[in-house]
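Some notes on the structure that comes next.
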């Protein structure tokens with residue numbers, strides 16, 4: 001899957017809430033598995049799309 005398509009799908013998967021765009025870490029892992037891409041790529045695309053990863057399972061975000 002190319003990055004532009006992934007960013008488009010991420011934007012549809014995570015609507016704006018409370019004036020900010022957020023995605024739980026667990027959802028990022030789920031989407032990575034579903035789309036067969038590395039979790040790092042999901043994180044990079046979220047950064048590019050302005051979506052913040054929250055509730056990180058590893059304390060990275």
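A short reminder: the numbers here are calculations on the coordinates, not readings from a lab. Quantities reported herein were computed from a predicted structural model and do not represent experimental measurements. Virtual Cβ from ideal backbone geometry, glycine too; neighbours counted across all protein chains shown.
Per-structure values
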read-out	value
The stretch 3-54, Rg to Rh (Cα coordinates; Rh as Kirkwood inverse mean 1/r)	0.92
Cβ-derived FRET efficiency at R0 25 Å, residue 34 paired with residue 55, nearest 0.05	0.85
Spin-label pair residue 48/residue 8, simplified geometry with 7 Å Cα→Cβ offset, distance in nm	1.3
Order by protection proxy (mean Cβ within 10 Å, highest first), peptides 22-28, 1-7	22-28, 1-7
